[in-house]
Amino acid sequence: MSMEKPPPRPEPEGCLTAFIRIPVRIVVLVIVVPVRMVWDVLVVAARAVDRTLLRPAGRALRRVVETLVVTPAAWLFRYLVAVPLGWLGRHVLASLFRGVLLGATWLARAVFVRPWVALWRYVLVPVVRYGLVIPAAWLYRSVLTPLGHGLAWLCTRTGRGLGWLLTGLWRYGVVPLVRYGFALPAGWLHARVLTPLGHALTWLFTGLGRALGWLARAVFVWPWVALWRYVVVPVARYGIAIPVAWLWRRVLAPVGREVVDALRVCWRIAGYISRAVGRAVKWLARNLVGRPVAWFYTSVARPVGHWVRDSLWAPARRAAAEAGRVARAALSSARETVRQARRDAWHALVGGARVTEPGEPVVASTRTLGSTTSASGAAPAPEISLRKRG
């Protein structure tokens with residue numbers, strides 16, 4: 001079971017902390033409230049600009065760029081670069097590369113492979129086989145093997161004799177000479193002379209080094225150590241470190257902590273005040289501007305707009321459309337009249353048969369029963385029977 005470390009206890013507040021807390025918070029609140037209100041206004045304005053201007057502008061700009069730049073560029077790249085290059089790569093470059101590869105393969109085989117194969121097969125193999133291998137095998141089997149057997153027997157016997165001779169010389173000549181002529185005198189000299197002499201020199205140099213070290217410390221080290229320990233450290237500790245630590249712990253740290261706490265608390269209080277002011281401004285704007293404008297729009301502007309649309313704009317639009325149709329009909333009739341007058345003048349000047357231009361068939365006037373008909377645009381015809389017309 002793990003032992004949790006208890007939370008540190010808060011240090012007791014002194015009279016200086018309680019004395020500076022309320023004035024600092026009042027001053028900071030007076031300074032922070034306008035800053036917080038300006039900050040909230042800027043935040044609201046930035047959100048409104050982002051929501052109503054930047055985002056629609058960004059979407060419109062993206063659509064314009066996609067429509068005017070990306071789509072045409074993609075289409076041009078596809079049909080002017082990708083498709084021709086793909087066709088060229090599939091039909092031209094592939095065939096060219098295949099032909100070049102086949103030609104290079106045939107050329108490499110003809111230049112680098114076939115001559116060396118022929119040289120190996122018809123020159124090197126016969127020369128090596130009949131000029132070296134077969135004579136070397138006969139020489140090894142018929143000459144070198146018997147000669148080797150004889151030399152091996154001779155070397156074996158000679159080696160055994162030399163071994164016996166060297167063994168006796170080493171055992172009864174070299175070993176006694178080295179042991180009794182060099183090893184035993186050298187051991188006695190090391191044990192009786194060199195070792196005591198080395199111990200004496202070691203003790204002498206050790207004592208001399210200790211004396212020199214003590215003298216050097218007494219001259220060069222201990223005065224500075226005493227100066228550091230008994231002068232510099234007390235002055236730095238009791239003259240600088242302890243007063244600065246006391247000043248930081250008793251004055252600067254409480255003041256800084258209270259200033260930070262006051263900024264945090266006053267920023268939160270300023271947020272509440274700014275929110276309350278914003279709600280009050282919103283309520284005033286809604287009751288002084290929004291509701292009158294909404295009432296004016298629903299009670300005055302909308303009925304007036306509907307009356308203007310139904311009583312003035314619609315009849316004026318219908319009258320304008322009718323006038324446009326009448327004007328188009330008048331212009332068409334005037335053009336037909338001018339065209340007919342031009343044909344008649346040309347026929348009078350040139351002569352000849354009158355050439356009629358193809359046009360709409362002429363429809364006979366609608367026959368009516370006197371003037372009591374209701375057909376519009378129809379001329380009344382005389383009421384004469386067919387029998388009287390003969």
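The values are calculated or read from the model by the stated rules, or taken from the named source; none is laboratory data. Because the structure is a prediction, the values reported are computed rather than measured. All Cβ positions, glycine included, derive from the backbone under ideal geometry; neighbour counts span all protein chains shown. The accessibility values were calculated without ligands, DNA or RNA, using every heavy atom of the protein model including side chains. Shrake-Rupley method; radii C 1.70, N 1.55, O 1.52, S 1.80 Å.
Numbers below:
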item: Single unsatisfied condition, residue 239 versus (1) surrounded by 11 or more Cβ atoms within 10 Å (Cβ to Cβ); (2) over 21 Å from residue 39 (Cα atoms); (3) among the small types (Gly, Ala, Ser); result: (1)
item: Subset of segment 283-292 that is open to solvent by less than 90 Å² (accessible area, probe 1.4 Å) and of a type outside the set (Gly, Ala, Ser) - its residue that is farthest from residue 41 (Cα to Cα); result: 292
item: Residue that is surrounded by the most Cβ atoms within 10 Å (Cβ to Cβ), among those in segment 263-277 that are touching a residue at least 40 places away in the same chain (Cβ under 8 Å) and among the aliphatic types (A, V, I, L, M); result: 270
item: In segment 301-318, the residues that are farther than 30 Å from residue 291 by Cα and open to solvent by less than 60 Å² (accessible area, probe 1.4 Å); result: 314, 315, 316
item: Selection count, segment 73-124, where residues are among the aliphatic types (A, V, I, L, M) and either in contact (Cβ under 8 Å) with a residue 12 or more places away in the chain or open to solvent by less than 60 Å² (accessible area, probe 1.4 Å) (or both); result: 9
item: Filtered residues of segment 253-307 (kept if at pLDDT 85 or above and polar (S, T, N, Q)); result: 287, 298, 299
item: Matching option when the condition is open to solvent by 60 Å² or more (accessible area, probe 1.4 Å), in a helix (DSSP H, G or I) and at pLDDT below 85, among 49, 27, 33, 64; result: 27
item: Residues of segment 36-84 classified as under 30 Å from residue 269 (Cα atoms) and aliphatic (A, V, I, L, M), total; result: 10
item: Given (1) within 30 Å of residue 36 (Cα to Cα); (2) open to solvent by 60 Å² or more (accessible area, probe 1.4 Å), index of the condition residue 280 fails; result: (2)
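For every residue, the table says whether it meets (1) among the aliphatic types (A, V, I, L, M); (2) out of contact with any Phe, Trp or Tyr (no Cβ under 9 Å at 6 or more places or on another chain); (3) open to solvent by 100 Å² or more (accessible area, probe 1.4 Å).
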{"position": "147", "(1), (2), (3)": "yes, yes, no"}
{"position": "150", "(1), (2), (3)": "no, yes, no"}
{"position": "154", "(1), (2), (3)": "yes, yes, no"}
{"position": "167", "(1), (2), (3)": "no, yes, no"}
{"position": "177", "(1), (2), (3)": "yes, yes, yes"}
{"position": "180", "(1), (2), (3)": "no, yes, yes"}
{"position": "185", "(1), (2), (3)": "no, yes, no"}
{"position": "196", "(1), (2), (3)": "no, yes, no"}
